[in-house]
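Single-structure report; data block below.
Since every read-out is calculated from the coordinates, none of them should be taken as a lab result. Small disclaimer: the values here were computed from a predicted structure and weren't measured. Here the Cβ positions follow ideal geometry from the backbone for every residue, glycine too, while neighbour counts run over all protein chains shown.
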Amino acid sequence: MIGDGWDDAASVRPGEYEEATEARVLRVCCVTGSRAEFGLLRPVMLAISRRPELELAVVAAGSHLVLPAQTFRDVKQSFAIADIVPMQVAGRTGQGEDVQSLARGVARFGRAFEALRPDWVVVLGDRIEALAAGLAASIGGQGLMHIHGGDRAEGISDEAIRHSLSKLAHIHFAATPASAQRLVQMGEDSWRVHLVGSPAIDELPACEPLSDEAFAELGSPEVVMLMHPVGRSAEQEEAGASAIVSAIRGSGARALLLEPNLDPGRDGICRAIAQSGLPARTHLPRGTFVGLLRRVSQIRGCLVGNSSAGLIECAALGVPVVDIGPRQSGREVGPNVVHVGTEEEHALVSAMARARGLSLVGLAHPYGDGRTGERIAAHIAQLGGPKPRMLRKRCAY
């Protein structure tokens with residue numbers, strides 16, 4: 001269902017999905033496994049919870065549950081938790097550990113879905129938590145919906161996981177026209193693909209800039225570093241992060257360093273942050289993070305690292321970004337981004353200066369109009385429960 005504009009539910013003809021069954025409340029299970037996608041899923045969850053035709057069931061999994069479990073508290077503060085799925089083990093990281101975590105997740109999600117009996121399972125993105133839930137749902141006979149499929153971004157195994165989820169999923173909610181078209185080129189039926197925008201944009205207008213006091217508590221940073229691992233050894237990740245810290249020092253800017261996600265190599269980046277002596281935080285709640293970005297934008301500061309927030313949220317907020325290395329390679333990029341291939345200190349200092357000098361007047365981005373959550377909820381309500389045709393997958397070409 002791909003057109004030139006955003007795909008609203010009113011444009012969907014029920015006949016394309018076979019005859020509707022009797023009206024009933026649909027149970028929609030939204031799976032969140034990390035702080036990265038919870039901020040994006042939150043507006044989708046809220047929109048689902050507000051529709052009388054839908055019943056929201058939230059499953060918190062993966063890195064949310066790794067001690068000190070700060071991000072789990074963020075989820076619990078916003079929603080009742082229907083179930084939890086432990087996967088990772090605190091203090092144990094690496095690609096081999098991710099394999100074991102994935103296996104634990106598939107088995108545990110299978111049991112959770114048997115107990116919850118959802119009509120639809122909703123996952124977002126490309127992390128192992130989403131893959132575990134997607135495998136359990138698809139093999140277990142539940143309808144699977146995937147948000148942000150069709151994107152391009154290397155990560156460690158991000159692109160492979162994302163495209164694997166696209167082949168498992170029965171319904172797709174694409175963030176951009178290019179991603180929607182890519183899903184069809186992958187052999188997905190066009191009637192399965194809905195162009196809805198990115199939910200990352202939805203709650204941005206409601207997040208005010210940090211107050212002077214809250215901003216000062218974080219060091220009033222001109223540069224925020226958010227660097228995730230890219231598949232190297234912990235020692236290599238530490239060396240790369242240390243080079244970024246040196247470049248930030250060389251720029252003379254006030255800085256705040258944020259710890260990375262739970263991917264292999266994280267320990268090395270955390271060591272570099274701990275040794276830097278610069279202000280640092282393990283975790284910022286979504287509202288605080290967006291409020292921080294707004295203040296950084298106001299003082300012509302920049303975000304430095306390789307987070308997708310630099311290419312999506314920062315594009316919508318008008319925040320200059322220095323994107324480092326291959327992690328986001330292939331993702332659609334706005335004019336707010338200066339890319340640097342490696343963590344070479346001189347190149348980074350130059351890139352930060354260029355980013356902070358960008359003119360971002362009238363900045364446009366391809367990620368939607370801030371109504372993605374309500375679009376997704378409306379689609380689910382109109383589609384009804386998964387019909388046999390939806391659950392049968394066949395390459396469209």
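Taking amide H positions as placed in the peptide plane 1.01 Å from N, state which residues far from LEU124 in sequence (5 or more) or on other chains have amide H under 5 Å from it.
Sorted by chain and number, the residues that satisfy this are ILE147.
Share of Cα-Cα pairs in the stretch 276-369 beyond 19 Å, in percent?
Everything past 19 Å amounts to 41 percent.
What is the Cα centroid distance between the stretch 83-159 and the stretch 318-397, reported in whole angstrom?
Value for the Cα centre distance between the two parts: 21 Å.
For the stretch 316-356, what ratio Rg/Rh do Cα atoms give with a Kirkwood hydrodynamic radius?
Reported Rg/Rh, Kirkwood definition of Rh: 0.96.
Report the local net charge at ALA80: Lys and Arg +1, Asp and Glu -1, summed over other residues whose C-beta lies under 15 Å from its C-beta.
Summing Lys/Arg as +1 and Asp/Glu as -1 gives +2.
Give me the number: length gained by fully extending LEU204 to TRP191, i.e. 0.36 nm times residue separation minus the C-alpha to C-alpha distance, one decimal in nm.
Full extension of this stretch gives 1.7 nm more.
Would you mind computing, in nm to one decimal, how far apart the modelled labels at GLN181 and ALA90 are, each placed 7 Å from Cα along Cα→Cβ?
Spacing of the two 7 Å Cα→Cβ label points: 4.8 nm.
In what order do THR372, THR288, THR282 fall by count of nearby beta-carbon atoms within 10 Å, going from fewest to most?
By the 10 Å Cβ count, ascending, the order reads THR282, THR288, THR372.
From the convex hull of the Cα coordinates of the stretch 216-293, what is the mean projected area in square nanometres?
Average projection, Cα convex hull of the stretch 216-293: 4.9 nm².
Once the Cα atoms of the stretch 206-356 are picked out, what are the Rg and Dmax in Å?
13.9, 40
What helices does the chain hold that run 20 Å or longer along their axis, going by alpha-carbon atoms, with a Kyte-Doolittle average of 0.5 or more, using DSSP H for the helix calls?
35-49
Kirkwood-based Rg over Rh for the stretch 111-185 (C-alpha set), two decimals?
Checking Rg against Rh, the ratio lands at 0.98.
Could you compute the net charge surrounding LEU292? Neighbours are other residues with a C-beta less than 12 Å from the C-beta of LEU292; K and R count +1, D and E count -1.
Residues close to LEU292 contribute a combined charge of 0.
SER211 versus ALA364, label points 7 Å from Cα toward the beta carbon: distance in nm?
Rounded to a tenth, the inter-label distance reads 3.9 nm.
Over the chain, how many percent of alpha carbon pairs lie in each 10 Å bin up to the one with the longest distance?
That works out to 5, 24, 33, 25, 11, 2, 0, in percent per bin.
How do TYR367, TYR397 line up, fewest other C-beta atoms within 10 Å first?
Ranked by crowding around the Cβ, least crowded first: TYR397, TYR367.
In terms of the ratio Rg/(2.2 N^0.38 Å) built on C-alpha atoms, what value belongs to the stretch 142-228?
1.47
Please work out the FRET efficiency for the pair SER164 and ARG354, using the Cβ-Cβ distance as r and a Förster radius of 35 Å; give the result to the nearest 0.05.
In this case the efficiency is close to 0.45.
First measure r as the distance between the Cβ atoms of GLN298 and VAL25, then evaluate 1/(1 + (r/R0)^6) with R0 = 45 Å and state the FRET efficiency to the nearest 0.05.
Efficiency at R0 = 45 Å is approximately 0.50.
Sorted by packing (mean other beta-carbon atoms within 10 Å per residue), highest first, where do 55-67, 245-257, 340-352 land?
Descending packing order for the listed peptides: 55-67, 245-257, 340-352.
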